[in-house]
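S.K.: Pasting a structure below so you can have a look.
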Amino acid sequence: LLEKIQELGHEEMLCDAFRAGSGPAPKPPEKPESACACKVIAYLVPGDFFTDRNDPYDFFSGVLEGVEAEAWENDCCLVMVHMNRNKEVSLAEKLLRAGNVIGAIVHPCRLTEELGRAVQEAGLPFVFMDAGGLYSKSTNFCWEPSSVCISNRQGMYRMVKYLKEMGHTKLGYAYSGWGGQVRKDRRFWYEQALKDFGLANRPDFSFSARTGEDLYDYQALAEQFQNAKELPTALVCENDRQAWRAVKALKQVGLRVPEDISVVGFDDQPVCTKITPHLTTIRNSPQLMGRECVLTLQNLIRLQALGEPDPWLRLELPARLIERDSVRDLRKSFG
């Protein structure tokens, strides 16, 4: 380029050093003072964005709000990373491109060996939401990530205890039929609570809304209620969505809530106060979960700094009973 400029007779464009034939050594570009150099927390979304069958938009918008608020209070920026975008790029490379990433928070998802290996390859601390563990017999792969969870045990024990104190001894369970660790945990602790409080776990009091594309369909429940020889006095539901479906199904077959049968949910989503009667449920604070994910991530980083080579943490958040109008007090009925 220098030779061409000189050949064209435009040497006046060149500084003295270049006219001498040797330019100054190249310098690396200086970072502008206004450039963002803060630490970055990645919010990782495996698979499609928010495709959980429990209609989680209301809940996880709150989680993200909590994550962002706590991240900023800890002088960190937040960036969202989708694993299903640009699949030819590894997770480690995506996080590298995202900036000064110090760790990641993972949106609730199904744990897989592929995800586990990608997380391990990234070499950063990760915090999952509502995650258990994974063991593959075929490959002998064992993985249990750090996690922040709602205490399904505490929630189910509090609900069963409350219903028993209200005079209900015949409890049933309504569930979606979808898999997942959270649903399994809630069913397990519901059955354990029945046992510990001396209540019968009757298979004929188990009702499935069944899997399907329509989250608002309650015909399967209505058919089961209609054909049941006997119904429980109270129905514990897997989550608020199933409680909503149960209320609609019971009304379709001519039963009143709570006069004929009580219905309770889990999660305290906005649907609880958008249906009549308003649903008694277990509160799961999304903002608190988001904030605690960031704090748990910070604690993992701290453990690493203290010399722990493979830190692991699991935090269970409290589950609080929220009383509304969907439970009948049977003690009053019998004086």
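S.K.: Inside region 291-318, can you point out the residues that are closer than 17 Å to Gly66 by Cβ and touching a strand residue (DSSP E or B) at 6+ places or on another chain (Cβ under 8 Å)?
M.R.: Hits for region 291-318 are Glu292, Cys293, Val294, Thr296, Leu297, Leu315, Glu316, Leu317.
S.K.: Continuing with this model, one more query. Take the conditions open to solvent by 40 Å² or more (accessible area, probe 1.4 Å) and closer than 18 Å to Thr281 by Cα and apply them to Trp178. Does it pass?
M.R.: In short, no.
S.K.: Do we have Gln298 as in contact (Cβ under 8 Å) with a residue 40 or more places away in the chain and either assigned to a loop (DSSP other than H, G, I, E, B) or within 29 Å of Lys161 (Cβ to Cβ) (or both) here?
M.R.: no
S.K.: Within the set of pairs 6 or more residues apart or between chains, which connect a residue that is closer than 15 Å to Val264 by Cα and among the β-branched types (Val, Ile, Thr) inside region 168-180 to a residue that is modelled with pLDDT of 95 or more and surrounded by fewer than 21 Cβ atoms within 10 Å (Cβ to Cβ) with Cβ atoms less than 7 Å apart?
M.R.: Once the first residue is closer than 15 Å to Val264 by Cα and among the β-branched types (Val, Ile, Thr) and sits in region 168-180, its partners that are modelled with pLDDT of 95 or more and surrounded by fewer than 21 Cβ atoms within 10 Å (Cβ to Cβ) give Thr169/Leu199.
S.K.: Name the one entry in Val236, Val253 that is β-branched (Val, Ile, Thr), over 21 Å from Leu330 (Cα atoms) and modelled with pLDDT of 95 or more.
M.R.: None of the other options fit; the residue is Val253.
S.K.: Which residue is farthest from the chain's Cα centre (by Cα), if the candidates are limited to region 226-240 and must be open to solvent by less than 10 Å² (accessible area, probe 1.4 Å) and of a type outside the set (Val, Ile, Thr)? So that I can check it myself, show each step before the final result.
M.R.: If we filter region 226-240 for residues that are open to solvent by less than 10 Å² (accessible area, probe 1.4 Å), which is where we start, we get 232, 234-240.
Right, trim to of a type outside the set (Val, Ile, Thr) and you get 232, 234-235, 237-240.
Details: Pro232: 31, Ala234: 28, Leu235: 25, Cys237: 19, Glu238: 15, Asn239: 14, Asp240: 15 Å.
Among them, the one singled out is Pro232.
S.K.: Among the residues of region 117-167 satisfying the criterion of being among the polar types (S, T, N, Q) and part of a strand (DSSP E or B), which is surrounded by the most Cβ atoms within 10 Å (Cβ to Cβ)?
M.R.: My answer is Ser147.
S.K.: While we're on this one: Which residues, counting only those in region 182-210, are at negative phi, open to solvent by 80 Å² or more (accessible area, probe 1.4 Å) and modelled with pLDDT under 95?
M.R.: Lys184
S.K.: Can I ask one more? Answer with yes or no whether Gly9 is open to solvent by less than 40 Å² (accessible area, probe 1.4 Å), of a type in the set (Gly, Ala, Ser) and either at pLDDT 55 or above or within 57 Å of the chain's Cα centre (by Cα) (or both).
M.R.: So Gly9 fails the test.
The values are calculated or read from the model by the stated rules, or taken from the named source; none is laboratory data. On a predicted model such as this, the values are computed, not experimentally measured, just so you know. Ideal geometry is used to build each Cβ from the backbone, glycine not excepted, and the neighbour counts take in all protein chains shown. The protein model used for the area step is the full one, side chains on, heavy atoms only, and it has no ligands, DNA or RNA in it. Shrake-Rupley method; radii C 1.70, N 1.55, O 1.52, S 1.80 Å.
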